[in-house]
Structure formats: C-alpha cells, structure tokens
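Here's the structure, in structure tokens; my notes come after.
The values are calculated or read from the model by the stated rules, or taken from the named source; none is laboratory data. The model shown is predicted, which means the values in this text are computed figures rather than measured ones. Virtual Cβ from ideal backbone geometry, glycine too; neighbours counted across all protein chains shown. Accessible surface is based on the protein model in full, side chains and every heavy atom, while ligands, DNA and RNA are left aside. Shrake-Rupley method; radii C 1.70, N 1.55, O 1.52, S 1.80 Å.
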2 protein chains.
Amino acid sequence: MKIRLLLTLLAASLAAAAQQPADYVNPIIGTNGMGHTFPGACTPFGLVQLSPDTDTIPHNVGGRYQGKAYEYCAGYRYSDPTIVGFSHTHLSGTGHSDLGDILLMPATGPLKLTPGRASSPDEGYRSRYSHDTEKATPGYYEVTLADYGIRVQLTATQRAGIHRYTFPQGEEGHLILDLTHGIYNYDGKVLWANLRVENDTLLTGYRITNGWARTNYTYFAISFSQPIREYGYRDLEPVKYNGFWRRFHLEKNFPEIAGRKVVSYLRFDTSRQPELVVRVALSAVSTEGALKNLRAEASGKSFDQLAGEARESWNNELHHFTVEGTPDQMAMFYTSLYHTMINPSVYMDVDGQYRGLDHNIHRARGFTNYTIFSLWDTYRALHPFLNLMKPERNADMVQSMLEHARQSVHGMLPVWSLMGNENWCMSGYHGVAAVADALVKEVWTGESADALHALTTTSTVPYYEGVADYMKLGYIPLEKSGTAASSTLEYAYDDFTIYRAALKAGNTEMAETYRRRALNYRHLYDPSIGFARPRLADGSFKPEFDVLQTYGEGFIEGNSWNFSFHVPHDVFGLMAVMGGERSFLDKLDRLFSMHLPEKYYEHNEDITADCLVGGYVHGNEPSHHVPYLYAWTSQPWKTQYWVREILNKMYRNHINGLGGNDDCGQMSAWYLFSVMGFYPVCPGTDQYVLGAPYLPYMKLELPNGKTLEIKAPGVSDHKRYVQSLRIDGREYDKTYITHSDLLQGGVWEFRMSASPNKRRGTAPDTKPYSLTGNP
Amino acid sequence: MKIRLLLTLLAASLAAAAQQPADYVNPIIGTNGMGHTFPGACTPFGLVQLSPDTDTIPHNVGGRYQGKAYEYCAGYRYSDPTIVGFSHTHLSGTGHSDLGDILLMPATGPLKLTPGRASSPDEGYRSRYSHDTEKATPGYYEVTLADYGIRVQLTATQRAGIHRYTFPQGEEGHLILDLTHGIYNYDGKVLWANLRVENDTLLTGYRITNGWARTNYTYFAISFSQPIREYGYRDLEPVKYNGFWRRFHLEKNFPEIAGRKVVSYLRFDTSRQPELVVRVALSAVSTEGALKNLRAEASGKSFDQLAGEARESWNNELHHFTVEGTPDQMAMFYTSLYHTMINPSVYMDVDGQYRGLDHNIHRARGFTNYTIFSLWDTYRALHPFLNLMKPERNADMVQSMLEHARQSVHGMLPVWSLMGNENWCMSGYHGVAAVADALVKEVWTGESADALHALTTTSTVPYYEGVADYMKLGYIPLEKSGTAASSTLEYAYDDFTIYRAALKAGNTEMAETYRRRALNYRHLYDPSIGFARPRLADGSFKPEFDVLQTYGEGFIEGNSWNFSFHVPHDVFGLMAVMGGERSFLDKLDRLFSMHLPEKYYEHNEDITADCLVGGYVHGNEPSHHVPYLYAWTSQPWKTQYWVREILNKMYRNHINGLGGNDDCGQMSAWYLFSVMGFYPVCPGTDQYVLGAPYLPYMKLELPNGKTLEIKAPGVSDHKRYVQSLRIDGREYDKTYITHSDLLQGGVWEFRMSASPNKRRGTAPDTKPYSLTGNP
C-alpha cells in the first residue's frame, strides 16, 4: 500500500530527529474490508471526525434496502475511485452505519449541486483522487482532488474540523455545503435543515436527522478565511415560505434557507487568494453552542498551529506506551491504541451543555459527557482498557451512562448510545457491566447508591427483550425472543457484575439476588449435547437444533458453539454443565481447529473465511474471551498458542488488516491487552487472565505515575510459549493477575520458549476467579 | 343562533346578581363565514387557545392545493356537523391557517385511530355534536360529543389547556392523542413527533412542524387525573428503531415513540370513575419547560377553580370599559374587546425562556416575550389600541419585536411573526410603524438608539421586496415586484413613522432622511387619472391600467381606488397629487357609493358582496383609515355617516357577524375605536381622528387611573351626526384629539343630530396632522 510506504518512509526520516508515537499510527489500517475505520482527522475522543466520504450509497432506494450501506459504516472505502466530500462525524469501526454530517466539497468550474455517481463522476461535484496524494496521520489528513487540482488538508479539534483548501492558481473556486449528504442515507433521513449566512465569513445552521440515531441534532458554525463572494441554494424540494407569493430570489444571496433538502454553494475569489481555510464547529445544543465551540477551539490560530496541536494531543495520549517491534508491529500497536481513543466521543459544548436522551438541554457538572457507547462490544475490553490506562475518562463515561439512565423513560443504562439516542442495538444490558467494572475497580467513585439504582432499574425492565420471563423462569423462552438463548447468557453475566457491584457497595441483599440471577445460564445447557440450547416456555429444549448455525437458533452474532462459552463469571460451573473438563477442552479445541462449512456464513455480511480461526469468529465479539478460557483448565498453555494465531491473522498493517469491524475500539482493545499478555475475561472482577506477550519489550506509564515493564525477550511465532514469569524478580505462577497488582507497576520478565510449559498454571491455587469455584 | 340565545338568557339570569363584562362576550361571533375566529377557551394573550377543530381539510392532497384550507384558519366552522377533537393552538381571525397543535379526542367503543371524514363520521374517531350542547364564554367551552355521550369541558391558563371529560356511566373510555393532526395540514407538515409516557399519569413530548410557520417547535406535558390503564400507538409510517430487529411490542405499553406520523391511544377506567381531567401545558423550549409551565399554572387546582380563574382573568382585562347599548351592541362590543386580547400571544415559559427567531433558546429579561404579530393588519389599530388601553403589554410586544430584529439574520423587525418564525406574509415593513408609534407615544421607553437601529436596518434591506430600487428610484418598478405600487405606498408611510421616531429621539439627520423617503408616494400618482399607478423602471406608468382591479395591477389586497388613499401621513399632499380637494372628495364619495362589478371579486376567497360598502372593502385592511379621511376635507361629517354604515354592516352579533377576517384583532380594534368615536388614522403621530360615538354612553378606565366618559345621548342610525362636542364643558371643534388629551380623561359630551353640522371642523386650525401642511 502506497500510503503505508509513504508513512513508513516519513517515519524513518523523522526517526533521525525524534520519533513520536503518532508517527507509528497508520489510520489507513482497516479502511477496506471489514475494519470500517476511517482515515480522516480527529482528536482523542473528539466530537468531530473530519474524513473523506467516498460514496453515498443510500440505505434504501424506493423502500428497497441497499446492502452496500454496511460497507460504508465509516463513509470511506480505500478501493473507491472518487471522493464525494469531507464530512464531520464518523463512527469508528461499527457494523451499523450513520452520521456523515455536514459535508463540504471544494470545486472549480461549472457548478454541480449533486454528488453524481462514482461510475460517472463528472456528472456531479465528486472528484477522482489518487492514493499517492493521500496522507493520513493522527489529527491530519491530506488528499488532492484530481478533477479540480485542489489540495485538501484537514485537521480537527475536539469540537471542530478545520479544512485548508489550496485552489489551482488563477482559478475561481467554490464550496458545496450539502446538507442532504449522510451515511446511512435514505430519502427522508434529513428531517429538517436550516442555514443562515450570518455575514460574509460566517454560516450557522443545523440539521435534524432520523438515521440510525433516531433523532440526531447537529448544529454548526462555519467560518471562512476569506469573504464569500456569492452564494445560493439548490432547494430540491421547494419549501413553502410564504403563504402568498415568493418575494425573494432564494436561490441567490438570500441569507437563510430551511428545508428537507438543502444544498448550498459558496463562491470565493480564489483566483486572487488560492488558499481558503474553513473552520466548522459542531454542537448538539444550538448554533449558539457551535459558535462558542468555534471561538473557544478553532479561532485565532493558523491551520498549521491547529494541526500541530491535534498531533500533540495524540502524542499526549499515545506516549504512555513504549514498545519494541518490527515496523509493521509498531504500526499495528499504535494504530490499535489510536483506535481505542476515537469512540466514545465527547458530547457536550465547551460550556458543559449537552442534549440528553430526553432531548432536553442539560449541563454536565463535574464531568465530561460522552456518547457513542457500543456496549455489547466495548464492555468486554475497551472499557476495561480505559479503566486501566485512562481511568479519569472512563469515570466520566460511566457518569455519562448514569445520566443517560436518569434521562431514560425506561430508567435504563445505555444499550447503544448514539448522539443522545438509544439505538437498542444488539442484546443484553451491558451498560451494567461497564458501570460495575468501574465501580469494582474504584475507577468511578461517585455515590454508589446512584449506581446501584441504575443497575437495578436497568436489569428489571419487564418489556425489555424477555426480561419479565427471564426473571420469572430464569431463562427467556424461544417463543418470546429470537435471541432467547444468547440474551439469557448475556443477562446472567450482566447480573453477575451487578452482584459484584452490590458486594463492593456493601448491599448484601441486592448482591444475593443478583448472585442467584448470575446462575441462570445453567437453565440452557442441554446435557445431551453439552452446549447451550434455547428452551421453550414449557421447559423443553428447542427440537432440531444446529450448534453451528448462527441464525434462527436463538443466538445472535454467534452460534451455540461459540456462545456456549459465554459464562465468563463461572467457568468452573460452565465446565460442569458442558460435561466436565474433558468435554469442555474438547469443545474448545474443536472450536479453534474445526472446518466451518461455508454454508454457515455465506449469507452473512460480517463473516468471511478471513475472519475465521476454525469455527472461532473473532469479528463477532461473543468469542473474544474464549481463547483465554484454557486458563481454567489443565491446559492453560493453549491460550498462548491460539491468541498469537488470532493476533497474526486478524491484525495486519494493511487496508484490509482488521479481521472484523473494529467496533468502536473493542477489537483494538482486545489486541492491546493480548499483546501485553493479559485480558479482562470477566469485567466486574478485578482479574485479568494471562496469555503471553506478543512483543519482546513494552513499557507502560500507568496513570498513577508508576511504570510497568513487560519483557519477553526473543518472543516470536516460534517462541510463543511462556516458560515462566518473574514479577519484580519473584516467580509468578498464577494464570491471572489482579487490577491492583497491575497498578503496582514493576518489571515482568517472561521467559519464552518454543514448546509449552504444560505444568505451569495447572495447580488449583493458580486459577482465575469462578463464581462457583473449582468443581 | 341558539348559542347566543343561551348566553343571553344566562346573562339575563346573572344580571340579577352582578353582571360581569365576560357575560357579554359571545365567542361564537365570526365562527362562520369570514371571521375566522374560534369558540374555544383561552386566557388574555395566552399561548394556549384550546378549541374544537371541526375539520382537518389538508392544505393539499397529492400536491394539489385544497382551497378549503382558507375556511379552516381557526379550525372551527359553525356549520360543520362533526368535531374532530380539541387542539391547543389557534390563530384568531387570520386569513392564513396554521397551528392546531396537540389534538386530544375522548371516545368510547371500538378504537379508531384516524379521524374519518365528516361525510361518514363513524369511520373515524370524530363525533357528531349539537350546538344545543355548546357553551362558549371567555375562558370556557363546553360541548357534548353525541356519538360517545361524552361531556367535554375546556378551560385554559396562559400556557395550559385543561379538559374535563365526563364519560357515560359504566362505559370504558379512551383518549386519542393525534400528533398528525394540524390546521394547514399536508402530508409532511409534521417533521417529527416524539412522545414519552413518563409514568401512568404523565406524558411528555413534542413535535416540529413545517406549516405556515416554517419551523414550529411545540413541546408538551400532559397529566391525567386518573392512571392510564393501557396505551399504544398507530405508527403510520414505521420508523427504523433498531438496525437489526424490532425487539419491543411498540404498539402496546412501550413508553416512548417517535416518528413523522404518531397517533396514540390511552385507555382509562372510566366505568369506575367517569370523570377524567387532562392538563396539557405547552412550551416552545423543551419538555422540561412544558413541565415547569404545567406545575406553575395548571397543577393543584380543580377544573372549576381553573375555569373560574380563566374567567376572572378576562373580567380583569374587560372591566376597563363600561358601555350602554342593546344586548346585541353589548355582545358586539365586549366580544370585540375580547378579540383584541387573543393575539399577539405570550411566547415564553414561566421562567422566561423562549425560542428565538434564530431557533436558539433565549431568556426574556425584564419583559414578556410575545409572538403572532400580523403587522400588516395590526399596526393600524390593534397596536394603537393597546398603546392606549394596555400600554405595558404593548411595550413588551415592542420589546419582543426588537429582540426578533436582533435575532434576525436580516436585522429586520417582524413582518408576520408566528411562533418564533418570520412568515414574510403581506407587504411593507410595518413593524417599524408599531415600534415608532409606541416610541412617539412614550409607551415603550427603552434605549431609543436600539429602536432607531432596528428601524434603520429594517428599512434598508436591499433584497427585501424592491427596497434597493425603492431607495434608488423612490419607487419600486413594476418589473421588480407584483406589489410594486402598494409596497411603495406602504414603505413611504412606514418611513414617515421612522421620521417621527427619529425626531422624537432627537436624531435630526436620520429624521431628515426618512422625511424625504416619506414623500416617495408622490412618484406613483398619475395626474391623468388622479390615482396611484405603478411605474416601470424607465419611469413610465404601466400601460393598460384598471383602477378597480385588485390582481395584476401592482397592488395587493386592494385595488388602486382603495390603495390610492394610503398616504395617512400626508393627506393634504395626497389631495394635491390626486387632483385637489374636489377630485379627492369625489373619489372618496364614489368609493363608498359605487357599484363594484362582481368580476372584480368573484375569484377572491376573502371578498364577497357582504364585505363591500360600495367599492370599499372593509375586510381588507388598506382601507381601514379611509372613511376618516373626510376630516382633512371640507366635509368631515361624511366620516360620521360612513363609519356608522360600516359598523352596522360589518359587525353583527352572529356566527357570520364579521365582515372580514378579524386579523388577530385588527378588525375588532377598528370597531372599538370607531364605536368610541375616534380612530388612529396615522400611527406614528399622536393624533386620533374624530368620527362619532356609536353608543350613547361609555366609560373608560385609563391605565393611568384616570377616567374618560364619552356621552352621546340619543345617538342612533337616525341621529348619527355630531352637532357639537364639549370636553369637560368646553366646546371642542377640532377633527382630531391627541394621545395626551385622551390620557387626561374627563367627560366628552357629544350632541348628536339627524343632519350633519356641515360647518364643524372645516376651519384650517381644526384639521389633523399632515406632513406637508394644508396645500
């Protein structure tokens, strides 16, 4: 890939001076294939992700679903030949698409007010481009639009995107502001758009969309470095504006317009001044809020200053890790780290005002409000990673979730929070796991009664996906839900985390209630097959059951073979219901080594053969902890084998380098933990299960100021096994490490070998936590 | 009319005890025909007008305009056989329709979630009703829904509507909350609706509409006196709510929904408790604002208490007048007074927050914010009336207009303000006249520089309907505007008021600029015909011109014959350009006595033969001052003749009793002034031109605490002429009175006679103000 080469060359040339962590990041990783990442400019956890969109495949046309929407979750496909424009909000790595708000596109020549098609780009304002002209580094993106000869440079602040366009010498240029553009677009996504030309260098406006986020308010303020010479609109769907007659020439230099389909153009005198800097600040509150954000973050500084600050903000977040590895490994490591810090995103104005789930305006007092919680994914490793490395941020995220619950008419913590909306995407109520984990690890230190209240209300909403039956029967009957089996497993785990939080807060009665609920997983295991299997309301198991089939069998994004291992809180108990250790090990081994017939995934848009390790699907999160389950068995060394297999296959410094959707950083957080050599199999406990380091050397600057060095000299695919581990010189033979152990820092010395130490970690006292203890 | 009889009987029975002014008001006046008034419950200048809607004729069907929308400006037609439901916002007397927000309808029997058609009401939730069951008094409305046997009682506070429904004994009842309902409805008017069931007695929600008001935000909070037993929705256009699958039974007991077409039902246990009280508070700010309004105004009091308070609030506003007259005259007088106090309407929450023209949330500091400014109509008599009788309110209205200008991207005062929108309806920039009049009369006493700034910016927006040309040429060329002639006349008058405001504020330079602009009317008068006639850009008059034709001749809502008199600020100057006094008088006389051929109004929805006095069209405001123009001539007595003719013909205690749209109280304010015997021909001066009293006795309690008695013993159609006037015992022979004279109060004694006193008011020193003096 040319981009990567360029960056590598750039990195090499800079290394002579002083290599910074941002130099290793390659935002192009995952921008093709399954990754669904975007290459554009953003700052850590910023509201704005300013990035090129390479197509505008509508979600549906004439009511018919267009499958391609899935490919455009991040708006950009590396393989696409044209760029439509540069929009300001993007999801990082999701499996569902949305956003792409407030698109700008610079152009020259005849005015074109529709994007046109990629197959005939000249019919619209889109442009061809070459990857040779593309540069992507943290906080900076650059490309040249071939059709216009315009050099585009992008950078960002937390709440603003800054564009620098250099037009060809002597040519008159214009900008398109297309308020109909969007990712997950369909006719009707834009409920309303409003635009005002406040003066000859300032626009304000907003749009309200009904995309994946049901009701998304995006206000903006846009300033220009040179005066607008002339402007106008294409109002695709003329809007009644006057009961009697239209008195204004709305199409030209009339400073306000509103409608469902507003596209505007703005002409600038670029033949005299070829450089145009555009600053676009967003707010979910008001245009006044967007103006405040613009003034506070993006005014009074040059593009270069702002780009430098964006880069600096990334270095400040990335420098806590020092690693050694090959250039590809370095790129993969720092890019993964980068990808863990895009979503969740700050969702409030500089003055603390934000739009709540109730659509009212709230003020965040004493915390920063965040949105984009893809919790079915991120409770697993992303939030634990942030608890470890960015605890202040995660405490604020937890506070944001608690405020969400307070604003919810259901009293529920978020399931999938997007721009102040509950998207109800995926299953479980994993907000409780994220909150409980932060409480148990003492990362969130607010009033525990508030947290327990939210945990209780969230887990007892009777109309939420089978919860009433789950509370009555201990499982969800298949007649009541298409995800009866997987949701039962997920609730049981989530309930376990509530048990742990209640214990931590000293509420033993509540703890006991949820301890019992945590055992509900047991209802599902069919002794005749040793796998989880949905039950009907009468208590019988579903007849005709295929443990390899993902669809129609009561599970979601995972077949029974994968999902049956989803009892991270009671692995010994799970072993018992799966037929004992031998049977458990056998199923684990076969999971990683089987041949999964193509018929099980050929119609599945998010599974390809590339995402498989045997029948293990890394791109679908329910399996993420599974390779670590060997720790509870007599063969813990197998974790070391399979984790390295997955790291090698699923994470590559390549446009197609991610073996699944990055899912707002969950895939990347899995990578980071696994590279470090440990993984939070069961958030809600304080334990991490040990695997093996992936790299020979790594140093972590912990948030408490201590340092942790992880040494694994000579580690390689060949020498992947842990012979022994010494922590600060003392032999350490457990298969897990605790959160407080980690926070002590120190030096971990792994001795790696080509063959496993099969005795290590087999003694009962070396085993990780399990609710019901060693069977 | 039965209603009127009922009310008269009621009034008669109450008279024995203590007759209150509210007893005289008959809200049914004008609810058929041209009046466009509504019969429902409201408080003076309140945000809420809770009233029955008798049809939902959509504005257009399949893109085709439905002419009937005009008839339903207030949602109610007395002649209609069915009631669709009760909605909370209504315009009073406008010629353009909108609002009808948040419709509730109680029902029994099978659930119907569409309104159905008036021609077959059983197919929907609408109901037949009889006028026999209808009662309408200030702040109270009652009707029985015949199809359901439900007695409906309505009352209101400033920001809330209160419903009391009495269901038939032993029957289960339900409520329909139809968020698709609206006046000026069309497929797409509702941009978005949101509804939450907060608990079993509280709903919150909002909707955003693109009606006549381009973007109207209506938030609500609704409380019930008994718990909701069950609820659900009809989601006409299913909304994507989950990317993967719908997990909830949204149609039943799921406490939130959003979409473009949301209709919900709520079941109550009315067989146990037949009475249901519903309290609906509105806000333009947020559901939080609506809740605040609900708690502050509509909670903790019974329906009867609130209805009593609503009535009391009307008595407090109405009691400043004591009049003597026949029952019909009393009804007409107090109903007119009532109609001057519905619009403009308070537009802010109890905490002072309101939505501005910029769609941002503002806080009104030191004033009450108002909306619904139908200024083309109301600058003439309504605002002058309020300046005289409700100066504090009008000062706040002027402040609201100044804030509007501050929030306007054009810097303009309102043209037609509706719920924080600029509707750009009708011509001129008469906001300046309303502001200037309040400044000249010292009613608004803010920083005069702020007001002058708004007057200047409003009158110099180059792209506003021909203003650039008007400023350059002194008139708008017909090529540039369909209202070239009338707009030129209107600007010249508006500019005069700016001249007066600048003089008052001591800005002589600005005064001189606008004094010159005030003479621009002169460009239009064609000496060959002695009427105003549009000019082309080359200076020539429009060829082929019909002075009786309203359409296509450069005028709006008035032909040249009527509009040529629109120089209220320089009547002597006007006389000169119309060919001298004899020609002027001749044209005036012929205006009132001519036969206007039907072809001139047969296609006009707001003119019928009933609205005509000769060629004078009272229903269209440009003529309102014209009968008073005799004061400047040698025959001032003719005003006394024609004004009484108009009063008799255009104002009757009858459903069809208004001879034109009441236009937010302008028609009613004309009535009140004319009945008192004087009229503000030229707001911006401090003068009122005298006509003759219509009633034998009237007492005004002026806002400064003084009292004005107007006595005209024996006045009648036969004795309509003023023989003489004595003020506080001194003979008064002028044809006008000043604002400061009026504020002195005192006793006016008119001696009336059957034949005119042709000498009275003919001397030069008795004449009203004219910019260029007696020619």
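Within the stretch B:385-396, being over 14 Å from the mean Cα position of the chain (by Cα) and either open to solvent by less than 10 Å² (accessible area, probe 1.4 Å) or aliphatic (A, V, I, L, M) (or both) holds for B:Asn387, B:Leu388, B:Met389, B:Asn394, B:Ala395. Hey, any hits in the stretch A:490-511 for a residue that's away from chain B (no Cβ under 14 Å) and under 16 Å from A:Phe555 (Cα atoms)? Yes, because at least one residue in the stretch A:490-511 is away from chain B (no Cβ under 14 Å) and under 16 Å from A:Phe555 (Cα atoms).
Only residues that are crowded, with 23+ Cβ neighbours inside 10 Å, touching a Gly at 6+ places or on another chain (Cβ under 8 Å) and not acidic (Asp, Glu) were counted in the stretch A:162-182, giving 6. Applying the condition of being buried (at least 21 other Cβ atoms within 10 Å of the Cβ) and among the charged types (D, E, K, R) to the stretch B:338-382 and asking which residue is nearest to the other protein chains (Cβ to nearest Cβ) yields B:Asp358.
Quick test of your reading of the structure: B:Arg64 fulfils all but one of (1) within 25 Å of B:Gly660 (Cβ to Cβ); (2) at pLDDT 60 or above. Name the failing condition by number. The one condition B:Arg64 does not meet is (1).
Taking B:Asn185 as the residue in question, decide whether it is open to solvent by 10 Å² or more (accessible area, probe 1.4 Å), farther than 22 Å from B:Leu294 by Cα and within 14 Å of another protein chain (Cβ to nearest Cβ). Taking the combined requirement at face value, the residue satisfies it.
The single residue among A:Phe220, A:Phe224, A:Phe254 that is open to solvent by less than 10 Å² (accessible area, probe 1.4 Å) and modelled with pLDDT of 95 or more turns out to be A:Phe220. Flag: A:Arg517 does not match the condition of being crowded, with 19+ Cβ neighbours inside 10 Å and in contact (Cβ under 8 Å) with a residue 60 or more places away in the chain. For A:Cys425, the criteria (1) modelled with pLDDT under 95; (2) open to solvent by 10 Å² or more (accessible area, probe 1.4 Å) hold in every case but one, which is (2). Taking B:Pro534 and the conditions (1) in contact (Cβ under 8 Å) with a residue 12 or more places away in the chain; (2) farther than 15 Å from B:Tyr475 by Cβ, which numbered condition does it fall short on, given that it satisfies the others? With (1) in contact (Cβ under 8 Å) with a residue 12 or more places away in the chain; (2) farther than 15 Å from B:Tyr475 by Cβ applied to B:Pro534, the lone miss is (2). Taken over the stretch B:271-297, the criterion of being touching an Asp or Glu at 6+ places or on another chain (Cβ under 6 Å), over 12 Å from B:Thr157 (Cα atoms) and open to solvent by less than 30 Å² (accessible area, probe 1.4 Å) is satisfied by B:Ser283, B:Val285, B:Gly289. Residue count for the stretch A:211-220, restricted to those that are at the interface with chain B (Cβ under 10 Å from one of its Cβ atoms) and in a strand (DSSP E or B): 1. Residues that are touching a Gly at 6+ places or on another chain (Cβ under 7 Å), at pLDDT below 95 and part of a helix (DSSP H, G or I) do occur in the stretch A:476-486. When the stretch B:458-475 is filtered for residues that are within 13 Å of chain A (Cβ to nearest Cβ) and either hydroxyl-bearing (Ser, Thr, Tyr) or in contact (Cβ under 8 Å) with a residue 24 or more places away in the chain (or both), the ones remaining, listed by number, are B:Val461, B:Tyr463, B:Tyr464, B:Glu465, B:Val467. Within the stretch A:121-159, being under 20 Å from A:Trp314 (Cβ atoms) and assigned to a loop (DSSP other than H, G, I, E, B) holds for A:Glu134, A:Pro138, A:Gly139, A:Thr157, A:Gln158, A:Arg159. The conditions of being free of Cβ contacts under 8 Å to residues at least 12 places away in the same chain, in contact with a helix residue (DSSP H, G or I) (Cβ under 8 Å, 6 or more places away or on another chain) and farther than 25 Å from B:Gln329 by Cβ are met by B:Arg117. For the stretch B:69-120, the set of residues classified as assigned to a loop (DSSP other than H, G, I, E, B), buried (at least 22 other Cβ atoms within 10 Å of the Cβ) and of a type in the set (A, V, I, L, M) consists of B:Ala74, B:Val84, B:Leu91, B:Leu99, B:Ile102, listed by residue number.
If the condition is being open to solvent by 60 Å² or more (accessible area, probe 1.4 Å) and in contact (Cβ under 8 Å) with a residue 24 or more places away in the chain, then the stretch A:520-531 contributes A:Arg522, A:His523, A:Pro527.
Among residues of the stretch A:550-571 being over 25 Å from the mean Cα position of the chain (by Cα) and open to solvent by 10 Å² or more (accessible area, probe 1.4 Å), the one that is nearest to the other protein chains (Cβ to nearest Cβ) is A:Gly552.
Screening the candidates A:Ser92, A:Ser127 for the property of being over 28 Å from the mean Cα position of the chain (by Cα), polar (S, T, N, Q) and more than 14 Å from chain B (Cβ to nearest Cβ) yields one hit, A:Ser127.
Across the stretch B:189-210, the number of residues qualifying as under 23 Å from B:Thr94 (Cα atoms) and either within 8 Å of chain A (Cβ to nearest Cβ) or of a type in the set (A, V, I, L, M, F, W, C) (or both) comes to 3. In this structure, A:Glu403 does not satisfy being within 14 Å of another protein chain (Cβ to nearest Cβ) and under 27 Å from B:Glu288 (Cβ atoms).
The residues on offer are B:Leu585, B:Leu524, B:Leu536, and the sole one that is over 21 Å from B:His624 (Cβ atoms) and aliphatic (A, V, I, L, M) is B:Leu536. Residues that are more than 19 Å from A:Leu91 (Cα to Cα) and within 14 Å of chain B (Cβ to nearest Cβ) do not occur anywhere in the stretch A:314-331. Annotation note: Cβ proximity below 7 Å between a residue of the stretch B:283-303 that is touching a residue at least 24 places away in the same chain (Cβ under 8 Å) and a residue that is part of a helix (DSSP H, G or I) (sequence gap 6+ or interchain) occurs for B:Ser283/B:Gly289; B:Ser283/B:Ala290; B:Ser283/B:Asn293; B:Ala298/B:Leu306. Taking the criterion of being among the polar types (S, T, N, Q) and closer than 17 Å to A:Ile228 by Cβ, the residues of the stretch A:261-301 that qualify are A:Ser264, A:Thr270, A:Ser271, A:Gln273.
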